[in-house]
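Student: Dropping a structure here in structure tokens format, bear with me for questions.
The values are calculated or read from the model by the stated rules, or taken from the named source; none is laboratory data. All figures in this text were calculated on a predicted structure; none of them were measured in a lab. Glycine gets a Cβ as well: all are built from the backbone with ideal geometry, and neighbour counts include every protein chain shown. Calculation scope for accessible area: heavy atoms of the full protein, side chains included, ligands and nucleic acids excluded. Shrake-Rupley method; radii C 1.70, N 1.55, O 1.52, S 1.80 Å.
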Amino acid sequence: MKDLKDYVTTIPDFPKEGIMFRDITTVIEDPEGFRLAIDGLIASLKDVDFDLVLGSESRGFVFGAPVAYAMGKGLVLVRKKGKLPRKTISESYELEYGEATLEMHTDSIGKGQKVVIIDDLIATGGTTGAVIKMIERLGGEVVKICFVMELAGLKGRDVLKGYDVESLIVYEGK
């Protein structure tokens, strides 16, 4: 049987020279690769007490939805600014060149609810850091953060210090 890492395609020099792009779409496209990823995320939550799964646009939806379904939990969606129809809370964060804003519905998380964040990738930690701020402003508690892949060289874990973070695959570089 292949390892989850075997389903990730690495593309050298994309989007620019010197970058090793880790393409997770090949994990999603392969039934066995996708199953390994979802099963790995579920296994990482085996002994975790939580109420909700939160997925960030867009691959957080892809990985979060089957985990929420399999574990009998609701799924909270975090979207780019302007995509959600009801009253929202928002948080902006820095990108390499500029800023981005994420939003979630204000009634998605109640006070005291325990939340697991699931996403495809941790790089700099900016997206997840913004998500944590929104969860906590709504009174929720982040009990675990799970990623399929981690680019350890970008030090995203530093932004998430103090939280229980687990990645199924860790690449040492950027």
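Student: Take Arg137 and tell me if it is open to solvent by 30 Å² or more (accessible area, probe 1.4 Å) and in contact (Cβ under 8 Å) with a residue 24 or more places away in the chain.
Tutor: Criteria met by Arg137.
Student: Taking Lys111 and the conditions (1) among the basic types (Lys, Arg); (2) open to solvent by 30 Å² or more (accessible area, probe 1.4 Å); (3) touching a strand residue (DSSP E or B) at 6+ places or on another chain (Cβ under 6 Å), which numbered condition does it fall short on, given that it satisfies the others?
Tutor: Failing condition for Lys111: (3).
Student: Moving to a separate point now. Please indicate, with yes or no, whether at least one residue in the stretch 58-66 is assigned to a loop (DSSP other than H, G, I, E, B) and either closer than 21 Å to Arg157 by Cβ or not hydrophobic (A, V, I, L, M, F, W, C) (or both).
Tutor: yes
Student: Could you say whether any residue in the stretch 31-48 is in a loop (DSSP other than H, G, I, E, B), loosely packed, with under 13 Cβ neighbours inside 10 Å and at pLDDT 95 or above?
Tutor: yes
Student: Check every one of the strands (runs of 3 or more DSSP E) wholly within the stretch 78-123 and list those with 2 or more residues that are free of Cβ contacts under 8 Å to residues at least 24 places away in the same chain and touching a Gly at 6+ places or on another chain (Cβ under 6 Å).
Tutor: Hits in the stretch 78-123: none.
Student: Something else about it: Val27 versus (1) in contact (Cβ under 8 Å) with a residue 12 or more places away in the chain; (2) part of a loop (DSSP other than H, G, I, E, B): which is the lone unmet condition?
Tutor: (2) is the only condition that Val27 fails.
Student: Take Met149 and tell me if it is more than 14 Å from the chain's Cα centre (by Cα) and under 19 Å from Ser58 (Cβ atoms).
Tutor: no
Student: Considering only residues of the stretch 63-80 that are touching a strand residue (DSSP E or B) at 6+ places or on another chain (Cβ under 7 Å) and aliphatic (A, V, I, L, M), which is surrounded by the fewest Cβ atoms within 10 Å (Cβ to Cβ)?
Tutor: My answer is Ala65.
Student: Here's another thing I want to ask about it. Any residue in the stretch 1-23 that is among the aliphatic types (A, V, I, L, M), under 22 Å from Gly129 (Cα atoms) and open to solvent by less than 30 Å² (accessible area, probe 1.4 Å)?
Tutor: No, every residue in the stretch 1-23 fails to be among the aliphatic types (A, V, I, L, M), under 22 Å from Gly129 (Cα atoms) and open to solvent by less than 30 Å² (accessible area, probe 1.4 Å).
Student: Here are some residues: Ser58, Ser92. Which one is small (Gly, Ala, Ser), under 17 Å from Thr124 (Cβ atoms) and open to solvent by 50 Å² or more (accessible area, probe 1.4 Å)?
Tutor: So the residue among Ser58, Ser92 that is small (Gly, Ala, Ser), under 17 Å from Thr124 (Cβ atoms) and open to solvent by 50 Å² or more (accessible area, probe 1.4 Å) is Ser92.
Student: Consider Lys87 carefully, then state whether it is in contact with a strand residue (DSSP E or B) (Cβ under 8 Å, 6 or more places away or on another chain) and of a type in the set (Lys, Arg).
Tutor: yes
Student: Also, I was wondering about something else. For the stretch 151-174, which residues satisfy the criterion of being acidic (Asp, Glu) and assigned to a loop (DSSP other than H, G, I, E, B)?
Tutor: Asp164, Glu172
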